[in-house]
Amino acid sequence: MSQIAQSHGLAQGALAGQVNVDLSAISDNIKALRKRSKAPHFMAVVKGNAYGHGLVDIARTALSAGADWLGTAQLTEAVALRKAGITAPILSWLYLASQTSATIREALENDVDVSLGSAEQLRVLAGIATQLGKVAAVHLELDSGLSRGGARMEDWADLVTAARAAELDGTLRVRGIWTHLAWADVPAHPGNSAAVADFERAVQAAHDAGLAPELRHVSSSANILDRPEFHFDMVRAGLAIYGLAPADHLNPADFGLRPALTATAPLVMVKRVPAGTGVSYEHRSITHEPRFLGLIPLGYADGIPKGITGRSLVSINGKRVPVIGKVCMDQFMVDLGPSADGIRVGDTAVLFGDPATGAASADDWGSAIGSHGDEIINRIAPRLARSYSAGYECPDYQEDGRDG
């Protein structure tokens, strides 16, 4: 017995999955996080297309909810926010320092604050600022143990000396000093306190060099929830904005946070198979009794990880069903059981969303593959349609869900 999509009038264009973002959840999450911090400034981190939620829509929502800074990794995202008409302060921190960089030039022209982690980066940025006749606003980054961007402690004196010289030359203004903790997602780790002690020494060295930064910022989402003594002048909220756990021991619901993103797809086929039926490539799953199988039109090209096989992560009509067989490029199968229990072609399969509704969370999916929810939401492919809902007034909110 088999059903096909057309037999139930399911439009061909509906075969793709759907991502819905609840902007009221983003707004409520930011308000809850702001209440937990005494820092005067709050940065909403919207890097990676706002963790897959939609750059411009999330940025506007965040600002409406009380964020007064935005953060992006790439300069191109910061510029895209400016082109969308967003005028709030933006810090961006990942770029190739080159005197010929059109991206840096465009960022400075659009009043984007840029991070500096070396005297060489400073030299390049100051040169471009001089060409433009602008004073570039910068945040000096300390490498406090993550060994990514930023100047190590032994190189910090050179950086702050060069920064002060550039200020006197009128090419740069040091607006902030910041670091990112290597153990940010393990707030009780002693490495955090050691790194913050280094950070405070770095701030003092900057003052001794004649700099007067107005912003000191260290805390990301986990530290906002668990280490209030690290909040300084600004906190940077990323994962928690989106309602996901920023650390294994932190349950978002305990802090009044809820996931904003729900991923769904229509069930496009239901079939009954006999015992002993192999399912998907290599028949790594074989039925031990007659079963009903459902076909979901998403696969690893859409960001569905192969490691979910055997996990009951998909909800259909309020029932959790396990994934059966290998996930394919564009589709995977679920085991509906010995009876389909009224499940029909065209029914909505909820992949992940708000666990308060009975759905699996993105964190549940991340745990299933030995990772975290942030990897899941950031893997969602652009070909999945996005829609937005809001339970409040969002300035310039577009009902068709398109960014910008």
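What follows draws every value from the coordinates through simple rules; no lab data is involved. The shown structure was predicted, so the numbers you read here are calculated from the model rather than taken from an experiment. Don't worry about glycine lacking a Cβ; one is built from the backbone with ideal geometry, like all the others, and counts go over all protein chains shown.
Given R₀ = 35 Å, FRET efficiency for ILE369-THR161 by Cβ-Cβ distance, to 0.05?
0.15
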Residue exposure sequence - LYS35, LYS319 - by fewest surrounding Cβ within 10 Å: LYS35, LYS319
Residues with amide H under 5 Å from that of LEU172, placed H, sequence gap 5 or more: ALA136, GLU167
Per-residue Cβ neighbour rank within 10 angstrom, fewest leading, GLU141, GLU120: GLU120, GLU141
DSSP-defined antiparallel bridges as percent of all bridges, the chain, nearest 5: 50 percent
Computed lengthening from ALA275 to VAL186, 0.36 nm per intervening residue step minus Cα-Cα distance: 27.3 nm
Where the Cα pairs of the range 260-382 fall when distances are cut into 5 Å bins, in %: 2, 12, 23, 26, 20, 11, 5, 1, 0
Principal axis box of the chain, alpha-carbon based, largest edge first, Å: 79, 42, 40
C-alpha long axis of helix 119-132 to longest principal axis of the chain, angle in °: 80 degrees
Helical contribution to [θ] at 222 nm, DSSP H n ≥ 4, -39,500 (n - 2.57), averaged over the chain, rounded to 500: -8500 deg cm²/dmol
For the range 150-155, Karplus couplings with θ = phi - 60° (6.51, -1.76, 1.60), whole Hz, Gly/Pro x: x, 8, 5, 4, 6, 9
R0 of 41 Å, Cβ-Cβ distance ALA194-ALA301: FRET efficiency to nearest 0.05: 0.40
Gap separating the Cα centres of the range 152-196 and the range 335-349, nearest whole Å: 55 Å
Length released on extending from ASP111 to LYS35, taking residue separation times 0.36 nm less the Cα-Cα span: 24.5 nm
Spread of Cα-to-Cα distances over 10 Å intervals beginning at zero, given as percent, for the range 67-198: 13, 42, 33, 12, 1
Amide H within-cut-off set for SER285, under 5 Å, with H built and near neighbours excluded: VAL279, GLY325, LYS326
Ranked list, fewest to most other Cβ atoms within 10 Å of each Cβ, for VAL135, VAL323, VAL19: VAL135, VAL19, VAL323
The chain: relative contact order as a whole-number percent, Cα under 8 Å and 6+ apart: 19 percent
Cα gyration tensor, the range 280-339 - rounded (a/c under 1.5), prolate or oblate: oblate
For the chain, built as a Gaussian network whose Cα springs stay under 10 Å, the top-fluctuating residue of ARG311, ARG383, ARG320: ARG383
